[in-house]
Amino acid sequence: MSKVHVFSHPLIQHKLSIMRNKDTGCKEFRELLDEISMLMVYEVTRDFPTEEIDVETPICTAKCQVLAGKPIGIIPILRAGLGMVDGILELVPNAKVGHIGLYRDPKTLEPVEYYCKLPEDAEHRQLIVLDPMLATGGSASAAIGFLKKRGCSNIRLVNLIAAPEGIARVQKDHPDVDIYVAAQDEHLNEHGYIVPGLGDAGDRLFGTK
Ligand code: PRP
Ligand code: URA
């Protein structure tokens, strides 16, 4: 069974509370998502391997640590996952970015794929899938499924807010994928929205409603 990591850091919680407020506008919403994503990736990468190298400082040769292991790929689920990319690239600037386009059919709540472009060597990378909202889990589960079909196996999922239903779905479909969230909310409403949530993340990010 995969693990769920909930980030209770005060800075993350403070910023998320402002994002939840319905009166927070697009610009501030985008900036906050950017900042929280940066804070979250710091924790998501905490156990990444490092190796020792020699560095010539102005004083002497020092034994120093640098990132080792697989190169990183970040995979935003369009559209709302795009809002998490820049914050993460601030801290892992060499990561490659793949895009998976999915939208949730408003009636069936089933994910519909419309775009997929991954780094050529995606299967050799440590992948971090991004989507602010994990509701039914259909979109995240489908996106992870596409990646696995492409031969990818090192995958972590990062969400801002997750519903218990979405977590259960991803854990059932992908027990090898750990989930990192800023908050685990109460439940889904009859329209598949997370309660209390923050509304439609894509619309709030891009001002489409
Ligand atoms: C939202 C959100 C997730 C999905 C979550 O996207 O960004 O991708 O819904 O719901 P699920 O867990 O039930 O699949 P949406 O389909 O609204 O598309 P958008 O990002 O283009 O707005
Ligand atoms: N997608 C969103 O953007 N918000 C929700 O609450 C559920 C799905």
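The values are calculated or read from the model by the stated rules, or taken from the named source; none is laboratory data. This one's a predicted model, so the numbers in the text were calculated from it and none came from an experiment. Reconstructed Cβ throughout: ideal geometry from the backbone, glycine too, with neighbour counts over all protein chains shown. All accessible areas refer to the heavy atoms of the entire protein, side chains included, with ligands and DNA or RNA removed. Shrake-Rupley method; radii C 1.70, N 1.55, O 1.52, S 1.80 Å.
Condition (residue is at negative phi, surrounded by 15 or more Cβ atoms within 10 Å (Cβ to Cβ) and within 16 Å of ligand 2 (Cβ to nearest atom)) applied to the range 146-157: is it met by at least one residue? Yes, the conditions are met somewhere in the range 146-157. The condition (being more than 10 Å from ligand 2 (Cβ to nearest atom), open to solvent by 10 Å² or more (accessible area, probe 1.4 Å) and closer than 20 Å to GLN13 by Cα) is satisfied by just one residue among PRO175, PRO164, PRO111: PRO164.
Contact map, the range 181-193: first residue among the aromatic types (Phe, Trp, Tyr), second residue open to solvent by 10 Å² or more (accessible area, probe 1.4 Å), Cβ cut-off under 9 Å, separation 6 or more or different chains; pairs are TYR193/MET133; TYR193/ALA135; TYR193/GLY199; TYR193/ASP200.
Within this structure, ARG169 fails the test of being open to solvent by 10 Å² or more (accessible area, probe 1.4 Å), within 26 Å of LEU11 (Cβ to Cβ) and within 17 Å of the chain's Cα centre (by Cα).
Taken over the range 80-109, residues that are acidic (Asp, Glu) and touching a Ser or Thr at 6+ places or on another chain (Cβ under 9 Å) amount to 2.
Going residue by residue through the range 55-71, is there one that turns out to be within 19 Å of the chain's Cα centre (by Cα) and away from ligand 1 (no atom under 16 Å from the Cβ)?
Within the range 55-71 (the criterion being within 19 Å of the chain's Cα centre (by Cα) and away from ligand 1 (no atom under 16 Å from the Cβ)), the answer is yes, since at least one residue qualifies.
GLU120 - would you say it is within 23 Å of ALA68 (Cα to Cα), acidic (Asp, Glu) and not in a helix (DSSP H, G or I)? Considered against the rule, which asks whether it is within 23 Å of ALA68 (Cα to Cα), acidic (Asp, Glu) and not in a helix (DSSP H, G or I), GLU120 comes out as yes.
Just one of LYS22, LYS70, LYS27 is charged (D, E, K, R) and either open to solvent by less than 40 Å² (accessible area, probe 1.4 Å) or under 16 Å from GLN126 (Cα atoms) (or both); which is it? Step through it out loud before you land on a result.
Working: LYS22 fails: either open to solvent by less than 40 Å² (accessible area, probe 1.4 Å) or under 16 Å from GLN126 (Cα atoms) (or both); LYS27 fails: either open to solvent by less than 40 Å² (accessible area, probe 1.4 Å) or under 16 Å from GLN126 (Cα atoms) (or both).
Going through LYS22, LYS70, LYS27 in turn, just one is charged (D, E, K, R) and either open to solvent by less than 40 Å² (accessible area, probe 1.4 Å) or under 16 Å from GLN126 (Cα atoms) (or both): LYS70.
For the range 81-108, give me each residue that is part of a strand (DSSP E or B), open to solvent by less than 20 Å² (accessible area, probe 1.4 Å) and β-branched (Val, Ile, Thr). Within the range 81-108, just ILE100 meets the criteria.
If a residue must be free of Cβ contacts under 8 Å to residues at least 12 places away in the same chain, among the β-branched types (Val, Ile, Thr) and part of a loop (DSSP other than H, G, I, E, B), how many such residues does the range 25-70 contain? If you could, list the steps in order and put the result at the bottom.
Within the range 25-70, the first condition is being free of Cβ contacts under 8 Å to residues at least 12 places away in the same chain, and the residues that meet it are 25, 27-28, 31, 46-47, 54-63.
From what's left, among the β-branched types (Val, Ile, Thr): 55, 57, 59, 61.
Imposing the further condition that a residue be part of a loop (DSSP other than H, G, I, E, B) reduces the set to 57, 59.
Residues flagged as free of Cβ contacts under 8 Å to residues at least 12 places away in the same chain, among the β-branched types (Val, Ile, Thr) and part of a loop (DSSP other than H, G, I, E, B) within the range 25-70 amount to 2.
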